[in-house]
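**Q** Have a look at this one before I ask anything.
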């Protein structure tokens, strides 16, 4: 449990530091790139601690579930804030509600991590980030 809490705190710090850039869309893209950098540090071995814990532990241990929910809620909220800001400034338009879009972005990243883990290379995550970039940039 302590390892998961430490990883949560470290991830929150990394997330905040990655949400940089001149525009909200650039901040989202930079945060995606930070996820790629994190995963490359381990050559995708093990995948995402949070995704793995969500799949393996949340049903059997409510405390793990609470921490994982906190992580995904925080991550999704921070992305949603950027989506709302992009919408407010006219940088981005979408018929998809901001929370749904933020959830989709986080889910795509988690799915990309899983693909990269399964295939042992960065292509799965790289493809998901490309899709996120393309979607966000073509919605002006």
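The values are calculated or read from the model by the stated rules, or taken from the named source; none is laboratory data. All values derive from a computational prediction rather than experimental measurement. Don't worry about glycine lacking a Cβ; one is built from the backbone with ideal geometry, like all the others, and counts go over all protein chains shown.
Okay, residues lined up against (1) over 14 Å from residue 4 (Cβ atoms); (2) surrounded by 13 or more Cβ atoms within 10 Å (Cβ to Cβ); (3) over 15 Å from the mean Cα position of the chain (by Cα):
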| position | (1), (2), (3) |
| --- | --- |
| 61 | no, yes, yes |
| 89 | yes, no, yes |
| 93 | yes, no, yes |
| 99 | yes, yes, no |
| 136 | yes, yes, no |
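**Q** Moving to a separate point now. Scan segment 78-86 and give yes if some residue there is under 22 Å from residue 20 (Cβ atoms) and modelled with pLDDT under 95, otherwise no. Spell out the reasoning first.
**A** First, the residues of segment 78-86 that are under 22 Å from residue 20 (Cβ atoms): 78-86.
With modelled with pLDDT under 95 added as a condition, the list becomes none.
Scanning segment 78-86 turns up no residue that is under 22 Å from residue 20 (Cβ atoms) and modelled with pLDDT under 95.
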